[in-house]
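Comments concern the structure below.
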Amino acid sequence: MKKTVFFDRHKKLNAKIVNFAGYMMPISYTSVNEEHIHVRNKVGIFDVSHMGEFEISGLNSLEFVQHLCSNDISKIEVGKAQYNCLTNESGGIIDDLIVYRLDTDKLLLVVNASNISKNWKWITSINEKFNCSISDLSDDISLLAIQGPEAESLCQKYTEENLSTLKNYSFLIGEFAGIEDILISKTGYTGSGGYEIYIPNKKALKIWDTLFSNDKYDLRPIGLAARDTLRIEMGYCLYGNDINEDTSPIEANLKWITKTETNFIGSNNIEEQIKSGIKKKLIGFKLIQKSIPRNGYEIYNLEKELIGSVTSGTFSPILKIGIGLAYVDVKYLDDENIYIKIRDKFMKAIMANTPFI
């Protein structure tokens, strides 16, 4: 298994280490509940260096990425980023990703760790028609997510760039903690605000140690388990759970990042779904009875008919109830009351809008 450059730091902090997407990653340091609440109230730091980064450049780079991605790439200005999906010929989701426009003809695609190899093969095969320059930078870049309401105040201590001018899904490249040419992005996966900082591996430990040397902020390391509970509270999709190659952006409530008029790969099939309708749809739900929903749990209606299944679920540390995401047969979307089958018991729940908080 691979290790990020921060692995020894995680071990010294007594992190619980697990195999995640082929990397030895910290799942937690203390308790998931404690780490979750700390990010919501203060500031936490996540090692997400396992994520993949592909740089695409050349005269046809915008046309190429437009062909690959569901959103309208032409709308991204230099210094901006955009949430997106890579889609296959049938309109299924190969991966969800963030696209950064670094320059007029240069883009950075940040993809999920579990899909790096698959995405690389897909993108390079399509590139034969576009002849762009593509580089896999995944093993050269470390990524830290500094998240929480105190993230801006903390990060501002280490750069002369005015971070308050950065809007969501915007970025700048400047000096951070004495290191030049650091990409600082106002993005994240927690819904608590903050930044994601892309760092050359050789400089990454210096930034980690510098941030933790500031005793004026209660900065704490946060594991992937709390990252998961934080994103579920926001209703954010996780690849492999809520989206995959057999689900379309329309089914996954991602129509807002799906611009079929750009004629991306699979757009014709997705346009047909929009016109003719879909059979299942991703919904949010809250449990009325005390329990914790998990991936794969079956969902029933009042008549105890099977109508769907849970894709992501957790106990919300903020709401103090079980919450989750699930695919439900569209014929039953008006049935507000549903039941989650947990250990042979039917636990009452209600469909709910996301984000949950």
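The values are calculated or read from the model by the stated rules, or taken from the named source; none is laboratory data. Everything numeric here is computed off the predicted structure, so don't read it as measured data. No Cβ is skipped: glycine too gets one built from the backbone with ideal geometry, and neighbour counts run over all protein chains shown.
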Among the residues of the range 182-207, count how many are touching a strand residue (DSSP E or B) at 6+ places or on another chain (Cβ under 6 Å) and of a type outside the set (Val, Ile, Thr).
12
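Select from the range 223-249 the residues that are touching a helix residue (DSSP H, G or I) at 6+ places or on another chain (Cβ under 7 Å) and of a type outside the set (A, V, I, L, M) and write down the one among them that is nearest to Asn14 (Cα to Cα).
Residues of the range 223-249 touching a helix residue (DSSP H, G or I) at 6+ places or on another chain (Cβ under 7 Å): 223, 225-226, 229-230, 238-240, 248-249.
Narrowing the set further to residues that are of a type outside the set (A, V, I, L, M) leaves 223, 229, 239-240, 248-249.
Values: Gly223: 11, Thr229: 21, Tyr239: 28, Gly240: 28, Ser248: 40, Pro249: 39 Å.
Only one residue fits best here, namely Gly223.
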For the range 160-211, which strands (runs of 3 or more DSSP E) that fit wholly inside it have 2 or more residues that are in contact with a Leu (Cβ under 6 Å, 6 or more places away or on another chain) and at positive phi?
none
Within the range 55-65, identify whether any single residue is touching a residue at least 12 places away in the same chain (Cβ under 8 Å), of a type outside the set (A, V, I, L, M) and touching a helix residue (DSSP H, G or I) at 6+ places or on another chain (Cβ under 6 Å), and answer yes or no.
no
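So, in the range 55-80, how many residues would count as being surrounded by 22 or more Cβ atoms within 10 Å (Cβ to Cβ) and not hydroxyl-bearing (Ser, Thr, Tyr)?
From the range 55-80, those surrounded by 22 or more Cβ atoms within 10 Å (Cβ to Cβ) are 56, 61, 64-65, 68-71, 73; that's our starting set.
Those left that are additionally not hydroxyl-bearing (Ser, Thr, Tyr): 56, 64-65, 68-69, 71, 73.
The total comes to 7.
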Take the conditions touching a Phe, Trp or Tyr at 6+ places or on another chain (Cβ under 7 Å) and surrounded by fewer than 20 Cβ atoms within 10 Å (Cβ to Cβ) and apply them to Ser276. Does it pass?
no
Residue check: is Met1 in the same structural domain as Glu161 (by TED's automatic domain parsing) and either surrounded by 20 or more Cβ atoms within 10 Å (Cβ to Cβ) or without any contact (Cβ under 8 Å) to a residue 60 or more places away in the chain (or both)?
no
Can you list residue pairs whose Cβ atoms sit under 7 Å apart, with the first residue in the range 161-179 being under 20 Å from Ala204 (Cβ atoms) and the second being part of a loop (DSSP other than H, G, I, E, B) and of a type in the set (Phe, Trp, Tyr)? Count only pairs 6 or more apart in sequence or on different chains.
Phe176/Tyr158; Ala177/Tyr158
Of the residues in the range 74-94, those that are at positive phi and touching a helix residue (DSSP H, G or I) at 6+ places or on another chain (Cβ under 6 Å) come to Gly91
Lys348 - would you say it is touching a residue at least 60 places away in the same chain (Cβ under 8 Å) and surrounded by 13 or more Cβ atoms within 10 Å (Cβ to Cβ)?
yes
Among (1) touching a Phe, Trp or Tyr at 6+ places or on another chain (Cβ under 7 Å); (2) free of Cβ contacts under 8 Å to residues at least 12 places away in the same chain, Arg343 falls short only on (1)
Does the range 136-148 contain at least one residue that is surrounded by 21 or more Cβ atoms within 10 Å (Cβ to Cβ), within 14 Å of the chain's Cα centre (by Cα) and not aliphatic (A, V, I, L, M)?
yes
Candidates Ser291, Ser316, Ser267, filtered to the one that is touching a Gly at 6+ places or on another chain (Cβ under 7 Å), surrounded by 15 or more Cβ atoms within 10 Å (Cβ to Cβ), of a type in the set (Ser, Thr, Tyr) and over 30 Å from Gly178 (Cβ atoms):
Ser291
So which residues in the range 218-254 are of a type in the set (A, V, I, L, M, F, W, C), within 21 Å of Ser276 (Cβ to Cβ) and in a loop (DSSP other than H, G, I, E, B)?
Ile250, Ala252, Leu254
Can you find, within the range 214-251, the residue that is surrounded by the fewest Cβ atoms within 10 Å (Cβ to Cβ) among those that are farther than 25 Å from Asn269 by Cβ and β-branched (Val, Ile, Thr)?
Thr229
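Quick grid of which residues meet (1) modelled with pLDDT under 95; (2) in contact with a Gly (Cβ under 6 Å, 6 or more places away or on another chain); (3) closer than 13 Å to Arg220 by Cβ; (4) not charged (D, E, K, R):
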position: Phe7; (1), (2), (3), (4): no, no, no, yes
position: Met24; (1), (2), (3), (4): no, no, no, yes
position: Thr30; (1), (2), (3), (4): no, no, yes, yes
position: Val39; (1), (2), (3), (4): no, yes, yes, yes
position: Gly44; (1), (2), (3), (4): no, yes, yes, yes
position: Val48; (1), (2), (3), (4): no, no, no, yes
position: Gly52; (1), (2), (3), (4): no, no, no, yes
position: Asn60; (1), (2), (3), (4): no, no, no, yes
position: Phe64; (1), (2), (3), (4): no, no, no, yes
Is there a residue being surrounded by fewer than 20 Cβ atoms within 10 Å (Cβ to Cβ) and under 29 Å from Ile37 (Cα atoms) anywhere in the range 300-313?
yes
From the list Phe130, Phe171, Phe212, Phe176, which residue is modelled with pLDDT of 95 or more, within 23 Å of Cys85 (Cβ to Cβ) and not assigned by TED's automatic domain parsing to the domain that holds Glu63?
Phe171
